[in-house]
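The block underneath contains the structure these notes are about, expressed in structure tokens.
The values are calculated or read from the model by the stated rules, or taken from the named source; none is laboratory data. Computed from a predicted structure; not experimentally measured. Positions of Cβ are backbone-derived with ideal geometry, glycine not excepted, and every protein chain shown enters the neighbour counts. Ligands, DNA and RNA are excluded from the accessible area calculation, which covers all protein heavy atoms including side chains. Shrake-Rupley method; radii C 1.70, N 1.55, O 1.52, S 1.80 Å.
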Amino acid sequence: MSLVLLLTTLASALMVVLGFLGLTGRLPRNGWAGIRTPYTMQSDEHWYATHREGAAPMIFMGVASFAAGLAFLPFALAGKVGDALASGVVLAQCALLLCGAIGSWWVGTSRARRQLGT
């Protein structure tokens with residue numbers, strides 16, 4: 001279970017990095033990372049506006065998930081946390097990451113459409 005907790009914690013860190021890159025405009029349009037919808041893939045303008053506007057939920061939820069993972073990871077690696085509690089933390093991390101991804105898409109797309117008038 002420690003390995004799964006480590007992987008979800010690393011996924012959380014990746015989400016924070018992607019959110020920061022989107023916020024600063026350094027996440028180029030690509031086919032594997034970011035908010036990839038027909039709207040965002042239409043143009044670079046849509047891509048950057050959506051990621052800039054949707055960065056906050058992604059960063060916030062990524063940091064929350066990362067903090068939860070860091071709080072429990074040393075204890076899980078030492079074998080001091082039961083599998084039930086570790087599973088609960090992993091599920092909570094996954095829920096936070098999912099909410100961050102969906103929230104980022106929803107907030108980013110709606111604000112970008114309003115900002116760009118599309």
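Couple of notes before you dig in:
- Cα centroid separation, the stretch 61-106 to the stretch 1-33 (Å): 14 Å
- Accessible area (Å², 1.4 Å probe, nearest 10) - residue 10: 100 Å²
- Dipole magnitude (debye, nearest 20) for the chain, charges at Cβ of Lys, Arg, Asp, Glu: 220 debye
- More than 17 angstrom apart: percent of Cα pairs within the chain: 54 percent
- When the chymotrypsin sites (Phe, Trp or Tyr not before Pro) in the stretch 27-84 are filtered for DSSP coil states and for at most 10 other beta-carbon atoms within 10 Å of their beta-carbon, the remaining sites are 32.
- Ranked order, 104, 110 - accessible area, probe 1.4 Å, largest first: 110, 104
- Across the accessible surface of the chain, with the other protein chains kept in place and a 1.4 Å probe, carbon and sulfur atoms take up 72 percent.
- Hull-based mean projected area of the stretch 64-118, where the convex hull spans the alpha carbons, in square nanometres: 4.0 nm²
- For residue 44 and residue 71, a Förster radius of 35 Å and the Cβ-Cβ distance give a FRET efficiency of 0.35, rounded to the nearest 0.05.
- Residue (of 78, 106, 62) at the positive-pole extreme of the chain, dipole from beta-carbon charges: 106
- For the chain, calculated [θ]222 nm from helices alone, where every DSSP H run of n ≥ 4 adds -39500 (n - 2.57): -27500 deg cm²/dmol
- For residue 85 and residue 14, a Förster radius of 35 Å and the Cβ-Cβ distance give a FRET efficiency of 0.90, rounded to the nearest 0.05.
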